[in-house]
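Below is one structure; the comments refer to it alone.
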Amino acid sequence: MRTIKIFDTTLRDGEQCPGASMNAEEKLEVAHQLARLRVDIIEAGFPISSPGDFASVQQIAREVRGPVITALARAKAADVDAAGESVRDAERPRIHTFIGASDIHIQYQMRKSREEVLEMAVAAVQHARKYVEDVEFSPMDASRADPDYLCRIVEAAVKAGATTVNIPDTVGYATPEEFAGIITMLRNRVPGSEAVTWSCHCHDDLGLAVANSLAAAEAGCDQIECAVNGLGERAGNTPLEEVVMAIHTRGDRLGLKTNIETREIHKMSRLVRDVTGFVIPPNKAIIGSNAFAHASGIHQDGVLKEPTTFEIMTPETVGLDSNRLILTARSGRHAFRARLEALGYQMPEEEIHRAYSRFLEIADKKKVVQDEDLEAIVADQITVAEEPYELEYMTVMTGLEGTPTATIRLRKGAQSWTEAGMGVGSVDAVYRTIDKIIPAEHHLIDYLVSGVTGGTDALAEVTVKLGNGHNVFTGRASALDIVAASARAYLQAINKLVYYTENRSATQRVAAHV
């Protein structure tokens, strides 16, 4: 069976998704988990976009071992220099350079001629080879490019020293048969095609990213570019978990396999969810909460008799444990730790202690603490390390006829501030009061409340997204009280905003659509 390399772009293309930004510590944590997942290549970022992104890529290159670490660069010398310097200390460094190849991009985005673009591509690949031996080239918007010109620019890049050629369906326009045809054409027409690794990068605008990626692999691609939970521009990238499990489950039909440790998929997915605040739909393939749930009596009867009647893969394959421990306030620390480990969480003792304390608070008020509750508790431990403001006290008054008011005390080191404020509702009063204490410029983009489980005693999970210019900061928290969860999530987002404003360059991120 042919082995397909998995190229993960969660930290680059995935992070470009509005609201999915991560700080340096969160990116490093994701990168280490990607290494445990055994992805072949990690695209760690776009170093030229900001000093913060450069430093993050550099840190990942220095600390993460196993996968190839690559950095993205436009076909410009400054971009390539930044990428080369950022991955210099990687165990296995790569530079990934790209340029538009369709006439739509050449004429309207770059406003250059085809010959000028071809020369830029060649120069970028040659320049990248001065830093690394492993250079990837992507002709952006390949699925809408003129076939003859696409062959020309790819041939030129290969002659210039590209070792991997990635064919992007940048806007998710292709159909599977069409995209496979493009791969076959290039492999047949480009001289030296047998000496390079062929790759594909598909977007999901028409919901065809996985199908197109599998079609490309069957047509000869040996690398698939994807992102955890399908994060990415617009409708997202090829979801890593879906394409990997499609190959794992249907390897007999496809004649393909990957190096992925599939039992790490659930943990990987939840980590990305927790650091980005992007909710996973219950019916999401592979990783949704309903992916291995059975409600129909017929299905339940069949699965109890023989799991394969209605399951084409086992929960254990993706890191879930089909056996459930029922946790209550009487459950000890050992049972608590065992259930977390069964769910795929390995946590330091200090974090276990904090999480267990939160568990006891909730268990005292709920009869049964379910897996979803535990995941919400763990998610609360994943916060920004540099959180200057801490919620020390809060009381909220509301009623049918009165004006909701909030009194809040925040602490920052040895200093504390107490303020009171009013709003049209309890949450509004809380947010207005916090804004009095922390006058950081921002606007509320999104406020989402969901019940982690059913029932009036369910944990409330709140996700808040705040905008500041082109930046989006996400806060996420859970509590038995909606107002308390709302306050914690809002303050977490504010803390991120304050930290980034004080410590990171205001350099605007350069958008890349590969």
Check: Per 10 Å bin from zero, what fraction in whole % of the C-alpha pairs of segment 134-174 is there, up to the bin with the longest pair?
Finding: 33, 52, 15
Notebook entry, point to check: For segment 390-503, max minus min Cα coordinate along each principal axis, in Å, sorted largest first?
Noted result: 42, 28, 26
Checklist line | Expected 222 nm ellipticity per residue - DSSP helices of 4 or more, -39500 (n - 2.57), all of the chain, to 500 | finding: -12000 deg cm²/dmol
Next item on the list: Give the order of 130, 267, 305 when sorted by the count of other beta carbons within 10 angstrom, beginning with the fewest.
Entry: 305, 130, 267
Margin query: Compute the helix-to-body angle for 426-437: its Cα long axis versus the longest principal axis of the chain, expressed 0 to 90° and rounded to tens.
Written below: 80 degrees
Notebook entry, point to check: Once the dipole of the chain is set up with Lys and Arg at +1 and Asp and Glu at -1 on Cβ about the Cα centre, which of 221, 427, 57 lies farthest towards its positive end?
Noted result: 57
Item checked: HN-Hα J in Hz across segment 194-206 - Karplus 6.51, -1.76, 1.60, θ = phi - 60°, x for Gly and Pro -> 6, 8, 10, 8, 9, 9, 9, 9, 10, 9, 10, 4, 10
Check: Along segment 476-482, what does the Karplus equation 6.51 cos²θ - 1.76 cosθ + 1.60 (θ = phi - 60°) give for ³J(HN,Hα), rounded to whole Hz, x for Gly and Pro?
Finding: 9, 8, 9, 6, 6, 9, 4
Check: From a point 7 Å beyond the Cα of residue 194 in the direction of its Cβ, which residues of segment 220-239 have a backbone N at a distance under 17 Å?
Finding: 220-222
Checklist line | Packing rank of 69-75, 251-257, 20-26, where each peptide gets the mean count of other beta carbons within 10 Å, highest leading | finding: 69-75, 20-26, 251-257
Next item on the list: Just order 118-126, 467-475, 133-141 by mean Cβ neighbour count inside 10 Å, highest at the front, would you?
Entry: 133-141, 118-126, 467-475
Check: What fraction, in whole percent, of alpha-carbon pairs in segment 52-193 exceed 18 Å separation?
Finding: 55 percent
Note to self: Please arrange 393, 173 by how many other C-beta atoms lie within 10 Å of their C-beta, fewest to most.
What the structure shows: 393, 173
Next item on the list: Report the label-to-label distance for residue 76 and residue 280 in nanometres (one decimal), using points 7 Å from each Cα along the Cα→Cβ vector.
Entry: 3.7 nm
Check: If you line up the long axis of helix 147-160 against the longest principal axis of the chain, both from Cα atoms, how many degrees apart are they, to the nearest 10?
Finding: 90 degrees
Next item on the list: Using a 10 Å cut-off on Cβ atoms, rank the peptides 164-170, 269-275 from the highest mean neighbour count down.
Entry: 164-170, 269-275
Next item on the list: Compute the normalised compactness of the chain: alpha-carbon radius of gyration over 2.2 N^0.38 Å, N being the residue count.
Entry: 1.04
Margin query: Only four residue types carry charge here, +1 at the Cβ of Lys and Arg and -1 at the Cβ of Asp and Glu. Report the dipole size of the chain about the Cα centre in Debye, rounded to the nearest 20.
Written below: 400 debye
Next item on the list: Would you calculate the separation in nanometres between label points at residue 409 and residue 89, each defined as 7 Å from the Cα along the Cα-to-beta-carbon direction?
Entry: 4.3 nm
Check: What full-extension length gain, to one decimal in nm, is calculated for residue 29 and residue 146 as 0.36 nm per residue of separation minus the Cα-Cα distance?
Finding: 38.0 nm
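No lab work stands behind these numbers, since they all come straight from the coordinates. Model, not experiment: these values are computed from the prediction. No Cβ is skipped: glycine too gets one built from the backbone with ideal geometry, and neighbour counts run over all protein chains shown.
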